[in-house]
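Everything on this sheet refers to the single structure shown next.
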Amino acid sequence: MNHIENSPVSLVELNGQIRKAIKSSFGAIWLITEISEMTVNYSGHCYLEFIQKENESEKIIARARGTIWNQNFRIIKQYFETSAGRPFSKGIKVMVKVTVEFHEVYGLSLNVTDIEPTYTLGEIALRKQRIIEKLKAEGIIDKNKTVELPIIPNKIAVISSITAAGFEDFTDQLINNTSGYRFYLKLFPAVMQGNETENSIINQLKRIYTYHNLFDVVVIIRGGGSQADLDCFNNYNLASAVAHFPLPVLTGIGHEQDDSVVDIVAHTRLKTPTAVAEYLIDRLNNAENDLNEVEEKIISNSQEIISLKKTLIKEMVYKLNNNLQKQISAENKSISFITSVYYSLLKNNFYRIRLSLGKAGILLSQKTRGVIARKRNELYFFNKQLVSDSKYSLDKAGSTLILNEQKLELSDPANILKKGFSLTFFQGELVTDSEQLSAGDEIETIFTKGKSKSIIK
Amino acid sequence: MATIKSSYSEAFNELQTILDKIENNKLDVDELAENVKKAAELIKFCKNKLFETESEIEKILEDLKDE
């Protein structure tokens with residue numbers, strides 16, 4: 001062992017010297033760091049672990065313990081949460097005012113006395129912005145928005161914490177909606193805050209993916225106010241899973257002021273579970289209104305068409321009737337015309353026929369009469385001829401007879417008379433034919449003995 | 001796995017097609033009667049989807065395994 005230049009010191013002496021050296025070297029310092037661990041003990045003191053990671057590799061390249069004494073912790077926590085709108089918790093980057101303390105027993109510690117919340121906000125915004133840029137670069141930031149939301153999204157896969165009040169309200173609101181719409185809900189329970197959120201939700205999205213044919217929509221909801229931690233939703237992996245999901249994803253993760261990256265990639269971002277329920281009910285309400293409108297339009301249009309057709313038919317019947325009647329009356333007219341023409345023709349003809357008949361009659365009777373007269377004349381002449389011829393013949397015969405008589409008288413003239421024969425003379429001539437006589441003619445009859453005159457009746 | 005997704009939109013689209021035909025007076029009276037009858041069926045189908053419980057869906061969702 002080499003010789004000892006200074007006399008040895010005890011540990012407590014050394015630590016005491018370190019404390020003195022540190023105290024003289026460091027005043028109050030504004031420090032930028034990340035809180036990796038945080039515990040609050042029973043007396044309200046806060047014990048932290050600060051780290052620094054290498055930019056690309058995320059490898060921890062520095063680490064220190066930190067403390068916030070109870071009276072400071074209450075003030076700092078409230079100030080930070082009010083200003084940043086997020087819990088003061090591990091995992092955040094902070095700008096804090098520290099004093100470097102060294103304690104003989106507890107060693108090095110950074111004692112926090114103040115905090116600058118805007119740094120944390122800026123950090124969060126920056127990180128969020130980087131995620132958004134990445135999603136944009138990959139072309140998936142609006143991917144879920146292009147997934148069509150069904151007209152009636154009533155089969156709902158709900159990602160929520162089973163114990164969250166928000167989930168209960170959501171379910172109640174949908175199931176007991178006043179319009180009476182039917183909703184089907186299936187809960188896929190997940191951790192909704194803190195570091196486990198990412199994996200928990202992604203796992204449930206994977207499960208829903210297996211059954212995605214059963215559902216219309218995925219709803220990610222979480223109760224809670226403005227104090228809720230949105231950081232877990234500013235997560236690239238989770239945002240990417242939501243963006244790629246084949247069903248529309250609706251979010252209601254209970255943050256009034258700010259959108260998380262998950263909200264940004266979601267199909268529709270709503271502020272609260274209640275708002276999601278309202279949105280879904282509205283959607284069904286719109287569908288019902290559209291349905292009723294279409295129904296009314298179909299009914300009114302059909303009725304219109306039918307009444308139009310009825311009118312057309314009526315018009316047609318009327319026109320047809322009219323035309324028929326016109327036609328009938330025209331036919332009637334022409335029939336009566338034709339009838340009258342025929343009638344007059346007939347009458348004419350009849351008249352003519354009658355006339356000609358009459359004429360014919362007259363002609364006939366004239367002719368007949370002529371003929372009769374002629375015939376009569378002829379007869380007369382014939383008769384006369386006959387008579388004169390007969391007379392001649394008779395005369396001849398008479399003279400012959402007389403001669404013969406004389407001869408006979410000589411021979412047996414009296415005998416003839418004696419036998420009852422008589423001779424009749426009219427106007428001195430022998431009557432041998434009754435035709436020679438007419439009523440009133442005076443004839444002379446010669447008997448065997450004597451003669452008498454008589455009048456023909 | 002059976003698909004139980006709503007065919008509501010198909011039914012509704014068909015309704016709008018029918019309405020379109022009716023509004024544009026593309027139907028004769030016989031076709032109109034047919035289409036109105038079909039529309040009534042579609043409307044009933046859609047209203048059932050909105051208001052009536054389909055026990056088949058309830059059962060399938062209930063039977064999904066919890067993990």
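Each of B:Lys44, A:Lys155, A:Lys77 has its accessible area taken with a 1.4 Å probe; listed largest first, they run B:Lys44, A:Lys77, A:Lys155. Give the interface area between chains B and A as buried accessible surface, both sides summed, probe 1.4 Å, in Å² to the nearest 100. Protein heavy atoms only, the B-A interface buries about 3500 Å².
Mind checking which lysines have their Cα closer than 21 Å to the Cα of A:Lys314? Skip sequence neighbours fewer than 8 apart in that chain. The qualifying lysines are A:Lys326. In this label model, A:Ser10 and A:Asn237 are separated by 5.2 nm, measuring between points 7 Å along each Cα→Cβ vector. Give A:Lys134/B:Lys65; A:Lys145/B:Lys49; A:Lys53/A:Lys145 a once-over and call out the pairs whose C-alpha atoms are over 27 Å from each other. Flagged as over cut-off: A:Lys134/B:Lys65; A:Lys53/A:Lys145.
Multiplying the residue separation of A:Gln325 and A:Ile18 by 0.36 nm and subtracting their alpha-carbon distance yields 97.5 nm.
Sorting A:Ile175, A:Ile92 by solvent-accessible area of protein heavy atoms yields A:Ile175, A:Ile92, largest first, with a 1.4 Å probe. Accessible area per residue was computed with a 1.4 Å probe on protein heavy atoms; A:Val40 scores about 80 Å².
Look at the dipole of the protein assembly as shown built from charges on Cβ: of A:Tyr211, B:Ser9, A:Thr268, the Cα furthest out on the positive end belongs to B:Ser9. Here, the protein assembly as shown is characterised by an Rg to Rh ratio of 1.99, where Rg is the alpha-carbon radius of gyration and Rh the Kirkwood radius. Legend: Rg and Dmax of segment A:25-87, from Cα coordinates, 13.5, 39 Å.
Restricting segment B:10-43 to trypsin sites (Lys or Arg not before Pro) that sit in a DSSP loop and have at most 14 other Cβ atoms within 10 Å of their own Cβ leaves B:Lys26.
For A:Lys453, the lysines whose Cα falls under 24 Å of its own Cα, not counting residues fewer than eight places away in the same chain, are A:Lys391, A:Lys418, A:Lys419. With 24 Å as the limit, write out which pairs from A:Lys77/A:Lys97; A:Lys93/A:Lys143; A:Lys310/B:Lys21; A:Lys297/B:Lys47; A:Lys319/B:Lys37 have Cα-Cα distances beyond it, or answer none. Beyond 24 Å: A:Lys93/A:Lys143; A:Lys319/B:Lys37. About its Cα centre, the dipole of the protein assembly as shown is roughly 4920 debye, where the only charges are +1 on Lys and Arg Cβ and -1 on Asp and Glu Cβ. Adding -39500 (n - 2.57) for every DSSP H run of four residues or longer, then dividing by how many residues chain A holds, sets the calculated 222 nm ellipticity at -18500 deg cm²/dmol.
Note on A:His45 and B:Ser55: their simple-model spin labels are 6.6 nm apart, each label 7 Å out from Cα toward Cβ. Note on segment A:195-317: percent of Cα-Cα distances in each 10 Å bin, starting at 0 and stopping at the bin with the largest distance, equals 12, 31, 22, 11, 9, 8, 5, 2, 0. For the pair A:Asn176 and A:Lys309, what calculated FRET efficiency results from E = 1/(1 + (r/R0)^6), where r is the Cβ-Cβ distance and R0 = 41 Å, to the nearest 0.05? It comes out at approximately 0.30. Across peptide A:283-289, the mean count of Cβ atoms from other chains lying within 10 Å of each residue's own Cβ comes to 2. Segment A:54-73 and segment B:8-61 have Cα centres lying 64 Å from one another.
The values are calculated or read from the model by the stated rules, or taken from the named source; none is laboratory data. Keep in mind that this is a model prediction, so the values were computed, not measured. Cβ: placed from backbone, ideal geometry, glycine included. Neighbour counts: every protein chain shown. Note: areas computed on protein heavy atoms with side chains; ligands, DNA, RNA excluded. Shrake-Rupley method; radii C 1.70, N 1.55, O 1.52, S 1.80 Å.
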